[in-house]
Amino acid sequence: MPKTVLVTGGAGYIGSHACKALKAAGYLPVTYDSLVTGWQDAVKFGPFEQGDLADRARLDAVFARWKPDAVMHFAALSLVGDAMRDPGLYWRANVLSSLTLIEAAVAAGCLDFVFSSTCATYGDQDGVVLDENTKQEPINAYGKSKLAIELMLGDFAAAHGLRPVIFRYFNVAGADPEGEVGEHHRPETHLIPLILDAVDGKRPALTVFGSDYPTPDGTCIRDYVHVMDLVDAHLLGLNWLEQGKPPRTFCLGTGQGFSVRQVLEQSQRITNRDVPVTYGARRAGDAVKLVCGSDRAVAELGWRPTRSSMRDMIADAWRWHQSGRYER
Ligand code: UDP
């Protein structure tokens, strides 16, 4: 019998890649997804249960049916701009729904819990390499909602023996190099897919959000990590729990920062096409620079990112983009 993992958000970008990696590693990934932002045709690697995380009765039925050995909790709203405009939506969809899921998992005795958190929990700490010891001071409602869930997991670990492994992602990019799944958000808001849309004329131009930041070229700096490397870390996290190791938090990035302009230049080089660009105002809630210290994931999990060069991330995203399969 394969071990079963309940994957919330398994129909989304990172969740669908995680399901592929779980299946390849011999697990049964059961996707739980509302399809509000996910895609049913991205559920290719195991059973699908449609449901809302706020629906406790539905969750209880799914836990009873599949008796998962672990949960991987990807489902969330994750757009900084939306979170600034409508914080209530983020507190409800992220925090309240996660509370419902965590309580359902504890009630079902499913205590191994891998959680997707974010570098947005750090806020704007310019000049600092952000790692697990950095103070978390989120500046937007998205980061605050994820920090609240991290704190909640700690309380449930102390009171109920929940065993969370928390991953704080930096900027996730790229796509499955085999082209089975890829990135498709509606609406798309992320830098690399938007650049690729501008490259092939699906959008008139990429708007750079702010060119007066205190960085060498005036644009924001982010640390990009390939989605395949990211999901590899999740398998290592699962393995960590299976070995009976304690709850732990890991940052996932490469330690290398790229400015928006640098990502644009590399995209032009890799696609061999011009990217039409306009310059706009700063986006509310954006930190100047987010760069990750991932020494702990490397040392303790044995994480070895292999595809997280900017070249591979853009090339894999471009291949997926050109396949046309993301245009559902
Ligand atoms: N960005 C931009 N134009 C866009 C989308 C994003 O200049 O149309 C910038 C954004 O301000 C940030 C970086 O690209 O500095 C990465 O943004 P993204 O939305 O991809 O990820 P986030 O950092 O918000 O998680």
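The values are calculated or read from the model by the stated rules, or taken from the named source; none is laboratory data. Model, not experiment: these values are computed from the prediction. Neighbour counts run over all protein chains shown; Cβ positions are idealised from the backbone, glycine included. Heavy atoms of the whole protein, side chains included, go into the accessibility calculation; ligands, DNA and RNA do not. Shrake-Rupley method; radii C 1.70, N 1.55, O 1.52, S 1.80 Å.
Annotations
- In the complete set of protein chains, residue-level accessible area for T254 is approximately 50 Å², probe 1.4 angstrom.
- One chain, two ends: R319 and R203. Fully extended at 0.36 nm per residue, the span grows by 40.0 nm beyond their Cα-Cα distance.
- Selected from W320, L290, M310, residue furthest toward positive end of dipole (segment 242-325; charges at beta carbon): W320
- Distribution of pairwise C-alpha distances over segment 63-120, 5 Å bins, in %: 4, 17, 25, 21, 14, 9, 7, 2
- For segment 143-239, alpha-carbon Rg and Dmax in angstrom: 17.8, 54
- Dividing the summed helix terms, -39500 (n - 2.57) for each DSSP H run of n ≥ 4, by the number of residues in the chain produces a 222 nm estimate of -11000 deg cm²/dmol to the nearest 500.
- Among the trypsin sites (Lys or Arg not before Pro) within segment 95-203, those in coil by DSSP and having at most 14 neighbouring Cβ atoms inside 10 Å are K135, K202.
- Cα→Cβ-extended label distance, 7 Å offset, between E188 and D217, nm: 2.0 nm
- Under 18 Å from the A158 label point (7 Å along Cα→beta-carbon), backbone N, segment 119-139: 136
- Electrostatic bookkeeping for G81 treats Lys and Arg as +1 and Asp and Glu as -1; over the other residues with beta carbon under 13 Å from its beta carbon, the sum is -1.
- The fraction of all Cα pairs in segment 22-88 landing in successive 5 Å bins from 0 to the largest distance is 3, 14, 23, 23, 17, 10, 7, 3, 0, given as whole percents.
- Ranked by how many other beta carbons lie within 10 Å on average, peptides 99-108, 278-287 from highest: 99-108, 278-287
- Total formal charge among the other residues, if their Cβ is under 14 angstrom from that of E242, Lys/Arg +1 and Asp/Glu -1: +2
- Magnitude of the charge dipole for the chain, about its Cα centre and with charges confined to Cβ atoms of Lys, Arg (+1) and Asp, Glu (-1), is about 220 debye.
- Other residues within the sphere of radius under 12 Å centred on the Cβ of F170, judged by their own Cβ, net out at 0 (K and R +1, D and E -1).
- Taken over the alpha carbons of segment 54-174 as equal point scatterers, the Debye sum produces base-10 log I(q)/I(0) values at 0.18, 0.22 Å⁻¹ of -0.96, -1.28.
- Put simply, when 259-267, 113-121 are sorted by average Cβ atoms within 10 angstrom per residue, most first, you get 113-121, 259-267.
- You can think of it this way: the chain between A299 and E180 has 39.7 nm of extra reach, that is 0.36 nm per residue less the Cα-Cα gap.
- J(HN,Hα) series, segment 206-216, from Karplus relation 6.51 cos²θ - 1.76 cosθ + 1.60, nearest Hz, glycine and proline x: 8, 8, 7, 7, x, 10, 10, 6, x, 10, x
- Alpha carbon Rg of the chain, scaled by the compact-globule rule 2.2 N^0.38 Å: 0.95
- Interchain or long-range residues, amide H under 5 Å from H190's placed H: none
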